[in-house]
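Below is one structure, written out as structure tokens; comments come after it.
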Amino acid sequence: MKRATLLIFALLTALPTTSSGDNLFSMKSSLIDLSRVNKTTSRKLKKMGADQYTRYDQFELSVAGELDPSKYHYNHMAFEIKESIDNVWNAYLSSSPKDSWSGKNIQFDFAYSKRDQNVYYGDGDVPNAHEGMGVFILLKILRLGKISAAMEISKIDHETRTIEYTYLLKNTSNGRQIIRLTELGGRKTRLDHDTYFTSGKRWRDAIYPKIHESLVSELHRNVMGEIYAPIIRIE
């Protein structure tokens, strides 16, 4: 009897595992709890095929690998920041999406991390931005109400000071946002924000730039506000 009990205990502690080697606890922490996200986001997730058993690693990026600019609409913005490029770069890397994607027109909902194998909600702590972190946010748009958007940090290049956000597949718009820093000298930094987007709807793509620019400006003001760095749009 004692030997049988020990055998059962050994089996329970060793199994089951997922195909990727995650144990049951890791699998549970990677599941998205739809009851903890905004109703707008929950509806979006369901349209994306999510249910109570959906894991972060089941989401696909709308752009795999290099992006072909000819297939997307293009929007460009540029800012000048009165701060050194090192401090600006560190601000973007150390900022939590819970803080950077929160404000008058944008609201953080939840994030997932492929690195940490975890899901983070608005009522708890959220780690700093890193590759493999996906972010679901709410866009507060007059007359249209709240719209849920989802993207993942697909690349962080320390040499070129570049961060890429790629929209998830089945997001309202597909494509990629690219943030790039350039040193100007005199303790000033240029920030270029390039966006390649398409929704498949002509009317939606027509109004996208104006709404997008307002939200992007708020994002950068939030991050620079954390280090008290003045930022102005120059293009």
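What follows draws every value from the coordinates through simple rules; no lab data is involved. All of these numbers come straight from a predicted model, not from anything done at the bench. Methodologically, a virtual Cβ is constructed for each residue, glycine included, from the backbone with ideal geometry; neighbour enumeration extends over all protein chains shown.
Structure summary
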{"item": "Kirkwood Rh and Cα Rg combined as Rg over Rh, evaluated for region 149-235", "result": "1.00"}
{"item": "Estimated FRET transfer efficiency when R0 is 45 angstrom, pair GLN58-ARG187 (beta carbons, to 0.05)", "result": "0.50"}
{"item": "Cβ-based net charge around ARG115, under 12 Å, with every Lys or Arg adding one and every Asp or Glu removing one", "result": "-3"}
{"item": "Modelled FRET efficiency - R0 35 Å, HIS73 with LYS46, Cβ distances, 0.05 increments", "result": "0.80"}
{"item": "Long-range HN-HN contacts of LEU184 with modeled amide H, under 5 Å", "result": "THR189, ARG190"}
{"item": "Residues of region 43-69 with amide N under 20 Å of a point placed 7 Å along Cα→Cβ from GLU131", "result": "56-68"}
{"item": "Lysines whose Cα lies under 19 Å from that of LYS71, excluding same-chain neighbours fewer than 8 positions away", "result": "LYS170, LYS201"}
{"item": "Sequence ranges 155-162, 177-184, 96-103, 124-131, ranked by mean other-Cβ count within 10 angstrom, highest first", "result": "96-103, 177-184, 124-131, 155-162"}
{"item": "FRET E, pair ILE147, ASN222, Förster distance 22 Å, beta-carbon r, rounded to 0.05", "result": "0.70"}
{"item": "Cross-link partners of LYS188 among lysines (Cα-Cα below 30 Å; sequence separation of 8 or more within a chain)", "result": "LYS82, LYS98, LYS104, LYS155, LYS210"}
